[in-house]
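To start, the structure itself, in structure tokens.
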Amino acid sequence: MRVGVAGAGAIAMGYAAFLSGNGHAAWLWSPSGNGTKELREGKALQVSGAIEGEFHPQVAEGAADLVKCDVIVLALPAYGYRRVLDELVDYLEARHTVVISAHLSFAALYLAKKLSERGLQIPIAVWNTTLLTAKAQSRLHVRVGAIRSKVDMAVVPVRSADSAYKICAEVFGDRFLLKDDLLTIALSNLNPQNHMGIALCNLTRIERGETWGQNSNMTPAVARLLERLDQERIAIASAFGKTVRTIFDHSALSHGVSGDSVAEIYANLAASGKDPQGPKNINTRYVLEDVPFGLMPMLHLARISGASARLHECGVELLETCYGRDFAVENDILGELGALDSDRLRRLVVEGYPARSSANGTGKEAASQ
């Protein structure tokens with residue numbers, strides 16, 4: 001199958017290698033063009049770790065080129081979602097399935113809303129995390145740390161869940177756990193809460209550019225913060241009637257590691273040789289992506305459900321103070337969805353936006369009239 005990957009970072013490159021190694025035709029699109037320059041020149045993508053080899057994915061020159069593929073996967077930071085979705089939306093057709101990996105900030109609803117204005121509704125699959133972990137060693141060398149055995153997914157609209165699930169399984173393997181709806185996925189992503197706790201408690205070494213192991217530096221004090229943040233997330237989910245995995249469940253499922261505390265889990269990970277480097281730049285995605293696009297939506301869910309998120313609120317305020325930024329303003333997706341009270345949100349994640357008829361037609365042809 002032809003699979004287009006929007007993005008050209010480590011995760012996108014890892015996906016291209018995974019797809020190529022499993023007999024699919026992988027296309028990469030770098031929205032800026034910079035990430036695929038060497039690939040366009042014929043140089044090989046070097047991949048090591050959980051995937052080994054040299055790969056030559058196709059390079060898409062733009063959104064119109066990428067949609068020659070049947071499946072489109074977003075694999076880029078959430079602060080790049082809107083630009084990419086705005087470029088793709090006029091070219092998407094009923095035959096397409098879009099996958100957002102890993103989903104943040106109700107981006108699937110934003111895409112569904114834009115497509116509805118064209119009179120179109122297609123399956124939009126959302127994953128709670130990336131299929132694999134990867135670090136860029138250089139421009140064309142990516143090290144894949146792990147390929148996850150199980151990833152939670154949901155589909156907008158829910159009635160398209162079975163077909164989208166089959167496509168994801170056909171392309172990426174039998175590793176998906178289908179959940180009831182997008183809201184469950186939004187409440188299942190542990191990265192924003194964990195990354196906030198790690199960033200807050202290691203901000204000095206991040207700003208100084210120190211080299212440090214993330215797992216080996218998970219002290220009991222920092223681990224207790226992560227446990228409390230996790231308890232708040234679980235309480236927000238419960239307020240919506242959702243059951244989601246705890247940080248302990250996630251560690252056992254994704255990493256095969258357990259422990260009586262988060263500190264013990266991280267110590268066991270480090271002892272097993274899994275000790276990735278922590279961020280070395282103040283502009284880390286742990287803050288610039290996960291706070292505006294992960295934690296701001298979580299705070300919104302807490303407000304409309306009546307659940308307490310005091311530690312999440314305090315953590316965001318502390319980071320805003322340290323960075324001198326208003327992270328709520330930096331989220332360019334959430335405000336485009338209109339008023340998201342509990343009832344409306346519950347309806348949208350199940351039904352999506354109804355496809356509107358368009359007097360001017362649909363697609364790029366209509367846009368040019």
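Read-outs throughout are calculated quantities, based only on the coordinates presented, and are distinct from any laboratory measurement. Since the structure is predicted, the reported quantities are computational estimates derived from the model, not experimental observations. Glycine also receives a Cβ, built like all others from the backbone with ideal geometry; neighbour counts cover every protein chain displayed.
Kirkwood analysis of the Cα pair distances in the range 192-267 returns a hydrodynamic radius of 13.3 Å.
Taking 0.36 nm per residue of sequence separation and removing the Cα-Cα distance, the ASP65/ALA50 pair yields an extension gain of 2.4 nm. Along the Cα-to-Cβ line of ARG159, 7 Å from the Cα, sits a label point; which residues in the range 332-353 have backbone N less than 20 Å from it? Zone members listed by number: 344-353.
The label-point distance for GLU38 and THR243, in a model that sets each label 7 Å from Cα toward Cβ, rounds to 4.8 nm. Counting only DSSP H runs of at least 4 residues, each contributing -39500 (n - 2.57), and dividing by the residue count of the chain, the helix-based mean residue ellipticity at 222 nm comes to -11500 deg cm²/dmol.
With a cut-off of 18 Å on the backbone N, the residues of the range 242-286 near the modelled label site 7 Å out from ARG224 along Cα-Cβ are 260-267.
Charged side chains reduced to their Cβ positions (Lys and Arg at +1, Asp and Glu at -1) give the chain a dipole of some 220 debye around its Cα centre.
Partners of LYS37 within straight-line reach, counting aspartates and glutamates whose Cα lies under 17 Å from its Cα and excluding those fewer than 8 residues away in the same chain: GLU54, GLU61, ASP65. Short-range pairs are left out: with C-alpha atoms under 8 Å and at least six residues apart, the relative contact order of the chain is 18 percent.
Matching the structure-derived Rg/Rh (Cα atoms, Kirkwood Rh) against the labelled list (1) 0.95; (2) 1.05; (3) 1.03 gives the label (1).
For ALA146 paired with GLU351, estimate the spin-label separation in nm (one decimal), with each label point 7 Å from Cα along the Cα-to-Cβ line. In this crude spin-label approximation the distance works out to 4.0 nm. Bridges between two residues of the chain, per DSSP, are antiparallel at a rate of about 35%. Say R0 is 35 Å: what FRET efficiency, to the nearest 0.05, do GLN231 and CYS322 get from their beta-carbon distance? The formula returns an efficiency of 0.90 here.
Work out which helices of the chain, taken as complete DSSP H runs, extend at least 27 Å along their axis over the Cα atoms and score a mean Kyte-Doolittle of -0.5 or more, then list them. Don't skip to the end; give the middle numbers.
Working: long enough: 220-239 (29 Å, 0.19).
Qualifying helices, which must be both long enough and hydrophobic enough, are 220-239.
With the simple model of a label 7 Å out from the Cα in the direction of the Cβ, ALA136 to ALA339 spans 4.3 nm.
Which of LYS150/LYS274; LYS114/LYS242; LYS43/LYS166; LYS43/LYS113; LYS68/LYS113; LYS242/LYS280 have a Cα-Cα distance over 30 Å? Can you show the working numbers first?
Numbers: LYS150/LYS274 19 Å; LYS114/LYS242 28 Å; LYS43/LYS166 33 Å; LYS43/LYS113 39 Å; LYS68/LYS113 22 Å; LYS242/LYS280 36 Å.
Cα-Cα > 30 Å for LYS43/LYS166; LYS43/LYS113; LYS242/LYS280; rest within.
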